[in-house]
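Colleague: Sharing a structure with you now.
The values are calculated or read from the model by the stated rules, or taken from the named source; none is laboratory data. Just so it is clear, the model here is predicted, and its values are computed rather than measured. Backbone-built Cβ (ideal geometry, glycine too); neighbour counts: all protein chains shown. In case anyone asks, the SASA skips ligands and DNA or RNA and just uses the protein heavy atoms, side chains included. Shrake-Rupley method; radii C 1.70, N 1.55, O 1.52, S 1.80 Å.
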Amino acid sequence: MGDRHAKRRTAAHRETHRSARAGWLRAAVLGSDDAIVSTASLMIGVAAASATRGATLVAGLAGLVAGAMSMAVGEYVSVSSQRDAERADVDRERRELAAQPVAELAELAEIYRRRGLDVGLARQVAEQLSAHDRLGTHLRDELGIERGTMARPLQAAWISAAAFASFALVPIAGLLVAPETARLPAIAAVSLTALAALGALGGHLGGAPLVRAALRVTLGGGLAMAVTALIGRLLGVVMG
Ligand SMILES: [Zn+2]
């Protein structure tokens, strides 16, 4: 009996961890799609305008740096504002707990009653959890904030920049291994293959059908590359 309880608790615990990691991984996979599509399109556009291998490489590296920087800034700004909102909530809750402890305890008990406990037990749970960690309990059960998992802007910034830079290397590698005459198809083929694999991985993590997920991101990426190839070719002709 006790054994079965322990086992169920372990399973529930593992489940939470897995879904938290899946969320993080899915965000990383989406950022990686971006890196591949934008860098590959940039390089293909430049190459289609009959640029040299060296100029195409420079375009790819510039795209890598620009994309990584813009991901870092974007993540930093968005996660910072999320963190500011969380901090404001924490400060306000702390003030309320100091100003009206009785009303706050009743509020907490009411939350547990609405979740299904009877009045007496709800009161008891509220009192014991408050004695253990009053602010933490209010933050978690009233506001849904876990103090251990609060937003970290710098970490979010460098992780997304590193993810972008790593996957921007895919089309660049395609250029480096390609024979002189097959630059465009090589960049496209390497990039689309990586996109298909990432799409399938993203579908797997999100519980979606693999083939459809892979096809969607591959078709989208292929379209982006085709459009920039066309524009690059036209510009190359116009500007000689
Ligand atoms: Zn409260």
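Colleague: Considering each residue of region 52-73, count those that are open to solvent by less than 30 Å² (accessible area, probe 1.4 Å) and in contact (Cβ under 8 Å) with a residue 24 or more places away in the chain, and give that number.
Modeller: 7
Colleague: Let me ask something additional. Tell me which of these Thr228 doesn't satisfy, since it passes every other one: (1) open to solvent by less than 30 Å² (accessible area, probe 1.4 Å); (2) more than 20 Å from the chain's Cα centre (by Cα); (3) touching a residue at least 12 places away in the same chain (Cβ under 8 Å).
Modeller: Here Thr228 clears every test but (1).
Colleague: Separate question: Out of curiosity, is Arg140 exposed (fewer than 14 other Cβ atoms within 10 Å of the Cβ), modelled with pLDDT under 95 and not polar (S, T, N, Q)?
Modeller: Considered against the rule, which asks whether it is exposed (fewer than 14 other Cβ atoms within 10 Å of the Cβ), modelled with pLDDT under 95 and not polar (S, T, N, Q), Arg140 comes out as no.
Colleague: With (1) touching a Lys or Arg at 6+ places or on another chain (Cβ under 7 Å); (2) at pLDDT below 90; (3) within 15 Å of Leu57 (Cα to Cα) as the list, and Gly202 as the residue in question, which single condition is left unmet?
Modeller: Result: Gly202 passes all but (3).
Colleague: Test each condition in (1) within 16 Å of the ligand (Cβ to nearest atom); (2) assigned to a helix (DSSP H, G or I) for Ile145 and report the one that comes out false.
Modeller: (2)
Colleague: Something else: From the list Leu97, Leu105, Leu57, which one is part of a helix (DSSP H, G or I), out of contact with any His (no Cβ under 6 Å at 6 or more places or on another chain) and within 30 Å of Gly174 (Cβ to Cβ)?
Modeller: Being part of a helix (DSSP H, G or I), out of contact with any His (no Cβ under 6 Å at 6 or more places or on another chain) and within 30 Å of Gly174 (Cβ to Cβ) holds for just one of Leu97, Leu105, Leu57, which is Leu57.
Colleague: Kindly indicate which of Ala196, Ala178 is in contact with a helix residue (DSSP H, G or I) (Cβ under 6 Å, 6 or more places away or on another chain), free of Cβ contacts under 8 Å to residues at least 40 places away in the same chain, under 17 Å from Ser32 (Cβ atoms) and not acidic (Asp, Glu).
Modeller: After applying the criteria, what remains is Ala196.
Colleague: Does region 95-104 contain any residue that is out of contact with any Cys (no Cβ under 7 Å at 6 or more places or on another chain), within 17 Å of Gly221 (Cα to Cα) and open to solvent by 40 Å² or more (accessible area, probe 1.4 Å)?
Modeller: no
Colleague: Quick check on region 214-225: of everything there that is closer than 25 Å to Ala49 by Cβ and not aliphatic (A, V, I, L, M), which residue is least open to solvent (accessible area, probe 1.4 Å)?
Modeller: Gly221
Colleague: Tell me, yes or no, whether region 185-194 has at least one residue that is in contact with a Leu (Cβ under 6 Å, 6 or more places away or on another chain) and of a type in the set (Val, Ile, Thr).
Modeller: Yes: one or more hits.
Colleague: Looking only at region 96-138, filter to residues that are of a type in the set (D, E, K, R) and within 10 Å of the ligand (Cβ to nearest atom); which one of those is nearest to Ala151 (Cα to Cα)?
Modeller: By that ranking, first place goes to Arg134.
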